[in-house]
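Scroll down for the structure; my scribbles are underneath it.
The values are calculated or read from the model by the stated rules, or taken from the named source; none is laboratory data. Not measured: the values here are computed from a predicted model. All Cβ positions, glycine included, derive from the backbone under ideal geometry; neighbour counts span all protein chains shown.
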Amino acid sequence: MKNIVIFIIFFFCQFNSSIASERNIELEKLFQELKNINSNSVFETEQKIWKLWSTHPTNDKLTVRLEEGSQLVRDQNYSKAIDIFTEVINLDKNWAEAWNKRATVFYLIGEFQESQNDIDKVLTLEKRHFGALAGQGLVNIQLKNYEKAIRSYEQAQEIYPAMKSPKIMIKQIEELIKEQTI
């Protein structure tokens, strides 16, 4: 009986490892496609990345909970959304998108340092998360850390050269800095 339990645990770990590996290979391919600025399908590539990020690699129930929280954000029920995202984080602390969703809600309610804390976790788990980097730019504008905001947008642009918000925001931040020095 003990051998059967060990085999099942080993099989489950190998299966999860295989799924994670396939997911990582797909993400790597998509991030390479993002670098192709001339591609007509760059928006499609971005959407595929968001879909992978928003789909839990092994637990469909967590994917459903994340979507429920996202719907609450769209309905502007931020408190309940935070509760759901926190629940998902507690069930899987290594799922970057759960942290990212909660960071977004913290930003929306003006809890900028809490948002930054969650963004730090997102970027620890997924350093290529251009959405979190753009969000970090917004947070740091609110925190008046303008240079850090610019660096965040520059990093996002390195990962996703066709992304429009970094160019716009860097220009606006530079104007803001100029106005403050006059």
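Have a look at LYS121, LYS127, LYS93, LYS101 and point out the one that is in contact with a helix residue (DSSP H, G or I) (Cβ under 9 Å, 6 or more places away or on another chain), more than 18 Å from GLY69 (Cβ to Cβ) and at pLDDT 95 or above.
Answer to the check: LYS127.
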Query raised in the report: Quick check: anything in the stretch 143-164 within 14 Å of the chain's Cα centre (by Cα), acidic (Asp, Glu) and either in a helix (DSSP H, G or I) or modelled with pLDDT under 95 (or both)?
Result: no
Report summary line: (1) within 22 Å of LEU176 (Cβ to Cβ); (2) crowded, with 19+ Cβ neighbours inside 10 Å all hold for TRP95 apart from (1)
Report task. Could you list, in sequence order, all residues of the stretch 141-182 that are under 25 Å from LYS35 (Cβ atoms), without any contact (Cβ under 8 Å) to a residue 24 or more places away in the chain and aliphatic (A, V, I, L, M)? Result -> ILE168, ILE170
Report task. Could you tell me whether any residue of the stretch 128-140 is more than 18 Å from the chain's Cα centre (by Cα) and more than 26 Å from ARG23 (Cα to Cα)? Result -> no
Report summary line: Per the filter on the stretch 32-78, residues at pLDDT below 95, outside any loop (DSSP other than H, G, I, E, B) and hydrophobic (A, V, I, L, M, F, W, C) are LEU34, VAL42, PHE43
